[in-house]
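Participant: Dropping the structure in here first, questions after.
Bear in mind that the values in this text are calculations on the coordinates, not laboratory data. Not measured: the values here are computed from a predicted model. Methodologically, a virtual Cβ is constructed for each residue, glycine included, from the backbone with ideal geometry; neighbour enumeration extends over all protein chains shown.
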Ligand code: FAD
């Protein structure tokens with residue numbers, strides 16, 4: 001058995017959210033055993049977006065021993081209870097994808113089966129009335145509740161998050177080198193990456209390289225040419241513009257995703273400002289028209305110049321190749337609709353730490369990593385496609401294209417199974433659980449034709465008691481919560 005740890009020199013290329021998340025986690029977990037260097041270029045800068053997150057980031061921060069109140073102060077974060085989707089099913093209609101559990105599941109069947117049975121018995125309350133997080137979001141209320149009863153994520157300033165993580169990583173021993181990577185040097189025999197060469201000639205050698213260079217993918221693609229699977233035929237948007245504005249009202253605890261005739265717009269409320277953006281399909285909307293639309297709908301005084309971004313939805317064919325691991329946008333991009341990119345970064349980092357090479361890179365580790373990471377991406381991809389495919393909109397060529405497009409068999413199976421039986425199954429530790437799929441499918445207008453017979457086991461009185469009891473508990477809890485913005489200010493020690 002090998003006793004000496006030889007893959008000691010780890011080099012992270014790029015210091016965006018991905019680079020600093022990787023540096024902070026590696027330095028905190030393995031700082032005693034590794035020599036960690038991060039190279040970034042202030043002149044190039046970061047992508048400058050990525051403000052809306054999902055609940056596992058709470059766990060990630062906890063793993064790093066981060067104080068939540070300090071983190072929220074430093075990143076001007078607000079709490080997030082879900083996303084409101086406006087104009088996706090039809091113009092003028094909206095639905096909410098909350099982070100909570102709706103109602104109470106039975107081990108054999110999700111709550112939707114009981115709710116559907118209730119409909120046949122004359123119960124008219126909406127599915128939404130049974131979800132604490134959803135009702136709290138709409139009321140603009142929030143508090144931490146015992147037993148983690150309130151499931152939440154954050155809306156944060158990604159530049160500030162990067163800066164905060166940098167402080168933690170450097171305190172734990174990570175070294176930062178400023179400079180532009182001019183060349184990626186390969187070892188002639190193995191084909192592994194041997195060093196990064198910066199403008200001016202400085203060489204940074206390493207045993208393991210983490211490519212966090214964003215869309216440029218300098219190492220994994222530029223040097224190692226692993227290839228890219230283009231998913232534009234499923235996720236057709238390819239442009240975005242972001243702009244920050246002053247807040248015009250107290251921040252709400254949710255993100256808005258508002259569909260337009262060739263894509264959608266986001267609104268992300270932070271403590272100190274609002275993030276706004278438009279995502280569009282350039283085949284149907286020109287850049288200048290997208291900019292006009294963004295600027296004419298963004299509320300509040302403009303604080304930044306527009307940030308124009310082009311992208312191709314898809315995934316790098318190998319996320320780990322030789323001694324290089326792609327983390328963040330270098331590994332692919334699935335568009336920001338369900339705020340999953342930072343989460344995929346987190347999954348890659350935690351996975352890498354579990355599979356950290358003990359000497360030479362093991363091809364078994366590489367295969368396992370690629371399989372797990374790409375499975376995550378396929379599953380998130382299917383969930384995103386659902387929002388576009390299951391639309392009743394036919395008012396523009398974009399939406400007609402989405403409604404008519406071919407979708408992966410895995411998604412067809414999920415949709416048709418739900419339509420026929422009301423059932424959703426979570427496979428391979430899938431990120432989005434049953435309740436997420438149910439909320440989005442029903443929100444987009446897919447209603448099950450049947451429900452599980454276990455729901456009929458309840459007598460009418462028992463069903464009434466169950467449904468009324470759940471609604472009552474949600475209502476009472478929401479009424480007891482403080483206003484979100486006041487809670488954030490108190491929690492962060494601002495008042
Ligand atoms: P970048 O931020 O681009 O960082 C790349 C780094 O590499 C920079 O430090 C750069 O200087 C460095 N670099 C590049 N080339 C060189 C070189 N030659 N030499 C030296 N350094 C170099 N994610 C979410 O989770 N939620 C969201 O709401 C969300 N919204 C998004 C909206 C849009 C429109 C887009 C495009 C993305 C969004 N994302 C979102 C994704 C999120 O922004 C990214 O996943 C996240 O910011 C990580 O980016 P990154 O660190 O991989 O790349």
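Participant: Restricting the calculation to Cα positions, tell me the Rg (one decimal) and the Dmax (whole number) of the stretch 354-479 in Å.
Facilitator: 20.3, 65
Participant: If you split all Cα-Cα distances of the stretch 421-462 into 5 Å bins from zero, what percentages do you get per bin, shortest first?
Facilitator: 5, 18, 21, 20, 18, 12, 3, 1
Participant: Looking at the P(r) of the stretch 189-247, how many percent of alpha-carbon pairs lie beyond 16 Å?
Facilitator: Working: 1098 of 1711 pairs.
Everything past 16 Å amounts to 64 percent.
Participant: Also, quick follow-up: Based on the Cα coordinates of the stretch 84-147, what is the per residue volume of their convex hull in Å³?
Facilitator: Details: hull volume 7.9 nm³, N = 64.
Roughly 123 Å³ of hull volume per residue.
Participant: Percent of Cα-Cα pairs per 10 Å bin, from 0 to the last occupied bin, for the stretch 275-340, please list those.
Facilitator: 16, 39, 28, 13, 4
Participant: So how many Å³ per residue does the convex hull of the Cα atoms of the stretch 309-419 work out to? Mind showing how you got there, number by number?
Facilitator: Values: hull volume 13.9 nm³, N = 111.
In the stretch 309-419, the Cα hull volume divided by residue count equals 125 Å³.
Participant: Thinking of the stretch 426-495 as a set of Cα atoms, what percent of all their pairs are more than 19 Å apart?
Facilitator: Numbers: 1626 of 2415 pairs.
So the pairs more than 19 Å apart make up 67 percent of the total in the stretch 426-495.
Participant: Here is a follow-up. Using alpha carbon centroids, what distance separates the stretch 441-495 and the stretch 264-308, in Å?
Facilitator: 33
Participant: Further question on the same structure: If one computes the Cα centroid of the stretch 396-410 and of the stretch 104-178, what distance in Å separates the two points?
Facilitator: Going from one Cα centre to the other spans 29 Å.
Participant: Per residue and in cubic angstrom, what volume does the convex hull of the Cα atoms of the stretch 247-392 have? Write down the numbers at each step before the final one.
Facilitator: Values: hull volume 21.8 nm³, N = 146.
With only Cα atoms used, the stretch 247-392 gives 149 Å³ per residue.
Participant: Using the Cα atoms of the chain, I'd like the radius of gyration and the largest Cα-Cα distance, Dmax, both in angstrom.
Facilitator: Over the chain's Cα set, Rg and Dmax evaluate to 23.4, 79 Å.
Participant: Determine, for each peptide in 321-328, 377-384, the mean count of other beta carbons within 10 angstrom over its residues, then list the peptides with the highest first. Don't jump to the answer; show the numbers that get you there.
Facilitator: Details: 321-328: 27.0, 377-384: 22.2.
Highest-to-lowest ranking by the protection proxy: 321-328, 377-384.
Participant: Compute the distance from the alpha-carbon center of the stretch 335-393 to that of the stretch 198-232, in whole Å.
Facilitator: 18
Participant: How would 94, 389, 476, 135 line up from fewest to most surrounding beta-carbon atoms within 10 angstrom?
Facilitator: Details: 94 16, 389 20, 476 9, 135 23.
So the ranking, lowest neighbour count to highest, is 476, 94, 389, 135.
Participant: Let me check against my output: what whole-number percent is the relative contact order of the chain, with C-alpha pairs under 8 Å and at least 6 apart? Write down the numbers at each step before the final one.
Facilitator: Numbers: 957 pairs, mean separation 109.8, N = 495.
That works out to 22 percent.
Participant: Another one. Among DSSP beta bridges whose residues both lie in the chain, state the antiparallel percentage, nearest 5.
Facilitator: Numbers: 51 of 71 bridges.
Of those bridges, close to 70 percent are antiparallel.
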